[in-house]
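Please read the structure below before turning to the comments.
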Amino acid sequence: MAQLSDDCFAFGGALLPIEEAMRIIAANIGPVASTETVTLADADGRVLAGDIVAPIDLPPYANSAVDGYAVRSADLRDRTVLPVEGRAAAGDPAGVALRAGTARRIFTGAILPEGADTVFMQEDVRLDEAGRVHLPPGLRRGANTRAQGEDVRAGATALPDGRRLRPQDVALAASLGLRDLTARRPIRLALFSTGDEVVDPGTPLAPGKLYDANRILLAALARRAGAEVTDFGILPDSAGVITGALRDATRTHDLVMTSGGVSAGDEDHVRRAIEATGHLVFWRLAIKPGRPVAMGVIDGTPLVGLPGNPVAAFVTFAAVARPLIAALSGAAPPERIALPVRAGFSHRKKSGRREYLRVRLIRAADGELEARKHPRDGAGILSSLTETDGLAELAEPVTTVVPGDVVGYLPYAGLF
């Protein structure tokens, strides 16, 4: 479990800028998970524990990138005709060195004969009846060859510590001859929804009740971030029940996550439960949607309370919970690179807060990419997420957006 002191954070402002929240997490949260050995077949999505240092050169020998003819560049003239001696196929051991003034038939992946430094593609040459190859002029030295170690040199860091492994990373490890990797254990995350008004999907919907979408949403997002999720269901609006449940969950989990109950209303008990049993780090962010976000520490275990509105929960998961899970998992902080696109909408906002608008990216009549804002932007409108493909990020100083302005675009695929 995480063992953080209850006073390891400090922030005294009323609204915390999102960048300051990221700084607090980066400075105070470290990996809590132990390590384990995983096979390459199971390594996708896991967090690498320790650098992978290449044990061999990749490729391990110089080879041909095409089917064709290997030659010495020193033998090339404006018009070159060479006799063909020998044949080199992929998988064959290195043959005898290439004699000066000759060419060798070679196939893709075959070891480049000693002395050869250039390969002509077979479709660019002509063979005559005497078995000689006629080579066109102008091919540069080294063309159509792969140098030993041009991909990765033996002893170089092939994959860094903290990398959340992707299919291409696992493929690189395989190409280096590795069968297993050392990865961090996935963090254990306890998940709760709160509120007397929410019920589980599939149960009868009484007047005044809503189906709980947040727990399904946040569980899926947390699993995508690499956490193992324990679903503890829905907590009623009871200070005692919430306080006890949160305290119990911190004893067996690395992170506790809730949704709802973090505002300042009479029935918002999560923030007060954190204050009663641990230490509140912050509870309001300068962000829209999602201002009420509580982060705290109970008995050394971090807790994050997200808003009850589903769109606000979605946005604040990306902004706060995902970096927090990454830090606890020992993963490098997730990159959030907003792509510049043209705004196809007008919007006004308050200065001093980061705002995220749900948008759909389209190609306008002039061929330029343009972000179109969803017509309904309430924090409880889930269809505004299913009918868009990303967020337009408006920085704190921005107060007005008009069509044609450049805005930052964060595709959902890059956030989760």
Exercise for review: Using the structure shown, decide if Thr252 is surrounded by 14 or more Cβ atoms within 10 Å (Cβ to Cβ) and modelled with pLDDT of 95 or more.
Suggested key: no
Practice item. Check Pro204 against each of (1) farther than 30 Å from Pro334 by Cβ; (2) open to solvent by less than 70 Å² (accessible area, probe 1.4 Å); (3) modelled with pLDDT under 95 and name the one condition it does not meet. Key: (2)
Review point. Are any residues in segment 339-362 under 28 Å from the mean Cα position of the chain (by Cα), charged (D, E, K, R) and open to solvent by less than 30 Å² (accessible area, probe 1.4 Å), and if so, which ones?
Key: Arg354, Glu355, Arg358
Study note, to complete from the structure: Within segment 89-137, residues being open to solvent by less than 30 Å² (accessible area, probe 1.4 Å), assigned to a strand (DSSP E or B) and without any contact (Cβ under 8 Å) to a residue 40 or more places away in the chain number 2
Exercise for review: Mind listing whichever residues of segment 59-88 are surrounded by fewer than 13 Cβ atoms within 10 Å (Cβ to Cβ) and in contact with a Ser or Thr (Cβ under 6 Å, 6 or more places away or on another chain)?
Suggested key: Pro83
Check your understanding: Does Ala332 satisfy being open to solvent by 10 Å² or more (accessible area, probe 1.4 Å) and touching a Gly at 6+ places or on another chain (Cβ under 6 Å)?
Key -> yes
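Yes/no per residue for (1) within 25 Å of the chain's Cα centre (by Cα); (2) farther than 26 Å from Pro397 by Cα; (3) not in a strand (DSSP E or B):
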residue	(1), (2), (3)
Leu280	no, yes, no
Trp283	no, no, no
Gly290	yes, no, yes
Val293	yes, no, no
Pro302	yes, yes, no
Gly308	no, yes, yes
Thr316	yes, no, yes
Ala321	yes, no, yes
Study note, to complete from the structure: The residue that is most open to solvent (accessible area, probe 1.4 Å), considering only those in segment 363-405 that are more than 18 Å from Ala319 (Cβ to Cβ), small (Gly, Ala, Ser) and touching a strand residue (DSSP E or B) at 6+ places or on another chain (Cβ under 7 Å), is Gly404
**Study point:** Residue check, Thr301 touching a helix residue (DSSP H, G or I) at 6+ places or on another chain (Cβ under 6 Å), surrounded by fewer than 24 Cβ atoms within 10 Å (Cβ to Cβ) and of a type in the set (Val, Ile, Thr)
**Key:** no
Exercise for review: Identify the residue in segment 256-268 that is in a loop (DSSP other than H, G, I, E, B) and touching a strand residue (DSSP E or B) at 6+ places or on another chain (Cβ under 7 Å) and, among all such residues, is modelled with the highest pLDDT.
Suggested key: Gly260
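The values are calculated or read from the model by the stated rules, or taken from the named source; none is laboratory data. This structure is a prediction, so every number in the text was calculated from the model and none was measured. Quick reminder, even Gly has a Cβ in these numbers, built from the backbone with ideal geometry, and neighbours come from all protein chains shown. Each accessible area value is taken on the protein alone, full model and side chains, heavy atoms only, with ligands, DNA and RNA left out. Shrake-Rupley method; radii C 1.70, N 1.55, O 1.52, S 1.80 Å.
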